[in-house]
Amino acid sequence: MVAQLPDPIKIFRRAGDLRIHTFISSFTDDNIANATHIIESKNKLVLVDGQFLVPYALQFRKYANSIGKKIERIYLSHRHPDHWFGLGAAFSDIPIYALQETIEFLKQDGQASLQDHWKLGNLVPNSLVIPEETVRAGEEIIDGVKYVFDEVVNTEIDFLLTIGLPDVGVFIAQDLIYSGTHLYLTKYMEHWIGILQNMLLSDYDLFLPGHGFPADKNEVAKNIEYLSVAMGAVGKGLTNDTFKRFMLESFPERKCPAIFDIYMPRLFDNASEF
């Protein structure tokens with residue numbers, strides 16, 4: 001399940017003292033190309049999400065440490081385990097910030113989510129880390145960089161933290177965008193399309209996804225197309241394996257088909273949220 005990428009981390013934008021680093025886990029069928037990010041400013045590092053499986057989380061931390069600057073904080077974008085499991089493996093010593101709804105979910109259901117993934121053995125952490133700092137919509141200057149925080153509801157997840165860096169044209173969308181991979185679909189697809197359409201009208205030109213490589217507005221538009229086709233398929237009554245086969249045939253260029261088996265029980269069969 002865990003495959004070493006030849007070059008899992010790249011710098012995707014440079015502007016003055018600022019560097020944007022993205023770490024991407026494996027694209028193999030059993031993985032879903034989790035993308036986590038580092039905003040490197042003059043004196044500090046700000047990280048976004050902590051990876052899923054322990055080996056990738058440890059590798060991500062090792063790289064962050066190698067930059068040689070203080071890790072100021074980590075922002076957790078949302079409650080899906082592929083974004084927070086790695087915090088317990090590699091970042092328990094770092095201040096973690098999240099939306100209040102994400103914090104409450106982890107307090108109530110985080111331990112059950114860990115236990116629900118027991119089949120992964122030592123690929124998941126032994127401990128749960130609960131963020132202690134709440135993020136609210138608004139602006140903050142961190143080490144000379146302007147951050148714009150927002151809470152987006154009812155898209156790929158019920159509550160999602162987004163982070164804009166308007167002075168450098170970077171929008172950290174996480175799971176609003178799946179770049180080159182199949183999307184994790186939910187009952188909120190129509191509203192999700194509306195959010196993506198607004199992103200097309202924004203001044204941002206580099207979008208950091210939660211899965212796959214950083215992308216431009218062309219990928220945002222492709223996500224809209226994917227969601228539109230999926231909505232049409234659901235509207236025609238396609239479910240489970242029939243739906244999966246249709247989407248794979250419709251988008252053969254997209255990677256990480258294992259995502260279907262994760263979300264389809266929730267989308268069609270009312271399975272547990274974690």
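Structure notes:
- Put simply, of Leu227, Leu183, Leu176 the only residue that is over 20 Å from Asp82 (Cα atoms), modelled with pLDDT of 95 or more, in contact with an Asp or Glu (Cβ under 9 Å, 6 or more places away or on another chain) and not hydroxyl-bearing (Ser, Thr, Tyr) is Leu227.
- Qualifying residue in region 139-154 (condition: in contact with an Asp or Glu (Cβ under 9 Å, 6 or more places away or on another chain), at pLDDT 95 or above and polar (S, T, N, Q)): no
- In region 75-127, of all residues being in contact with a Lys or Arg (Cβ under 9 Å, 6 or more places away or on another chain) and of a type in the set (Phe, Trp, Tyr), the one that is farthest from Glu156 (Cα to Cα) corresponds to Phe91.
- Residues located in region 174-222, provided they are farther than 20 Å from Val234 by Cα, in contact with a His (Cβ under 7 Å, 6 or more places away or on another chain) and among the aromatic types (Phe, Trp, Tyr): none
- With respect to (1) under 18 Å from the mean Cα position of the chain (by Cα); (2) without any contact (Cβ under 8 Å) to a residue 60 or more places away in the chain; (3) within 19 Å of Ile262 (Cβ to Cβ), the lone exception for Lys119 is condition (1).
- Members of region 92-116 that are part of a helix (DSSP H, G or I) and touching a residue at least 40 places away in the same chain (Cβ under 8 Å): Glu101, Thr102, Asp109, Ala112, Ser113, Asp116
- Candidate set: region 179-199, residues that are touching a residue at least 24 places away in the same chain (Cβ under 8 Å) and more than 18 Å from the chain's Cα centre (by Cα); chosen: the one nearest to Gly169 (Cα to Cα): Gln197
- Residue in region 124-132 that is outside any loop (DSSP other than H, G, I, E, B) and in contact (Cβ under 8 Å) with a residue 40 or more places away in the chain present: no
- Any hit, region 25-40, residues being charged (D, E, K, R), modelled with pLDDT of 95 or more, buried (at least 17 other Cβ atoms within 10 Å of the Cβ) and not in a strand (DSSP E or B): no
- Picking from residues in region 219-252 that are in contact (Cβ under 8 Å) with a residue 24 or more places away in the chain and of a type outside the set (A, V, I, L, M, F, W, C), the one that is surrounded by the most Cβ atoms within 10 Å (Cβ to Cβ) is Asn223.
- Test: Val148 is over 17 Å from the mean Cα position of the chain (by Cα), in a strand (DSSP E or B), touching a residue at least 12 places away in the same chain (Cβ under 8 Å) and farther than 23 Å from Asp261 by Cα: yes
- Of all residues making up region 230-273, the number that are of a type outside the set (Asp, Glu), over 20 Å from Asp82 (Cβ atoms) and not in a helix (DSSP H, G or I): 7
- Among the residues of region 164-218, the one identified as of a type in the set (Asp, Glu) and surrounded by 18 or more Cβ atoms within 10 Å (Cβ to Cβ) is Asp175.
The values are calculated or read from the model by the stated rules, or taken from the named source; none is laboratory data. Quick caveat, the model's predicted, so the values are computed rather than measured. Using ideal geometry, Cβ is built from the backbone for each residue, glycine included, and neighbour counts are taken over all protein chains shown.
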